[in-house]
Ligand code: ADP
């Protein structure tokens, strides 16, 4: 799942992950499970509260540990399941580091013609989910700038063949239906 903050990748990724044979892992959710008094928990708060990305090495290390934990617990079966990744890789370096680990089948790029939709979604989420990084307009703007500068180039890394544009300006069920139709098509290939 790929898209700007507030594009809905978490919402749709979570729903997709409830289908048997799919496993959803959102990097931001993993970070939010860290206790704020741990070393990495502090680093996460320091960066995310300023709208910045956590440095690549600790991010990848945490992600690897999480995936290996889920595998050991029997929640994720790498040989059979499709991993629905959300929020990672988030810059070119992460994509490069993970290139020997991931076999990317498709990138669902959630787009919106209206930037104000993104900001409105983020502000609603701030209240609903108690997200500090969404509560402040300056931080939201900073996250959108970083998304453009650091995250968007990841689309070119994967290339046109893998990237599927999904417009999210209609209702959530319609957006999910688009995703689901693509998933069915890709699975039947
Ligand atoms: P959103 O869905 O709004 O983009 P996330 O929940 O994915 O937000 O991430 C929240 C914050 O966690 C990010 O702003 C960033 O600070 C940190 N983060 C999440 N994933 C990554 C990653 N792959 N690399 C670096 N930082 C990350």
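The values are calculated or read from the model by the stated rules, or taken from the named source; none is laboratory data. Just so it is clear, the model here is predicted, and its values are computed rather than measured. Because the Cβ atoms are built from the backbone with ideal geometry, glycine has one as well, and the counts that use them run over all protein chains shown.
Structure above, values below:
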{"item": "Count - residues of the range 159-181 that are loosely packed, with under 15 Cβ neighbours inside 10 Å and closer than 14 Å to residue 9 by Cβ", "result": "3"}
{"item": "Of residues in the range 85-111 being away from the ligand (no atom under 14 Å from the Cβ) and without any contact (Cβ under 8 Å) to a residue 24 or more places away in the chain, the one surrounded by the most Cβ atoms within 10 Å (Cβ to Cβ)", "result": "99"}
{"item": "Scope the range 135-155; condition surrounded by 15 or more Cβ atoms within 10 Å (Cβ to Cβ) and either part of a helix (DSSP H, G or I) or near the ligand (Cβ under 9 Å from one of its atoms) (or both); matching residues", "result": "135, 139, 140, 142, 143, 144, 146, 147, 150, 151, 154, 155"}
{"item": "Tabulated pairs, the range 54-65, first within 13 Å of residue 95 (Cβ to Cβ), second outside any loop (DSSP other than H, G, I, E, B) and more than 9 Å from the ligand (Cβ to nearest atom), C-beta under 6 angstrom, 6+ apart or interchain", "result": "56/93; 60/97"}
{"item": "Qualifying residue in the range 46-54 (condition: away from the ligand (no atom under 11 Å from the Cβ) and more than 17 Å from residue 148 (Cα to Cα))", "result": "no"}
{"item": "Contacts under 7 angstrom Cβ, first residue in the range 119-132 being farther than 14 Å from residue 29 by Cα, partner assigned to a helix (DSSP H, G or I) and modelled with pLDDT of 85 or more, 6 or more apart", "result": "119/140; 122/140"}
{"item": "Close pairs (7 angstrom Cβ cut-off, 6 or more residues apart or separate chains): within 18 Å of residue 56 (Cβ to Cβ) in the range 148-162, assigned to a helix (DSSP H, G or I) and modelled with pLDDT of 95 or more anywhere", "result": "153/92; 154/92; 154/95; 157/92; 157/95"}
{"item": "Any helices (runs of 4 or more DSSP H) falling wholly within the range 36-134 and containing at least 3 residues that are modelled with pLDDT under 95 and within 15 Å of the chain's Cα centre (by Cα)", "result": "none"}
{"item": "Residue 36 vs. criteria near the ligand (Cβ under 9 Å from one of its atoms) and loosely packed, with under 13 Cβ neighbours inside 10 Å", "result": "no"}
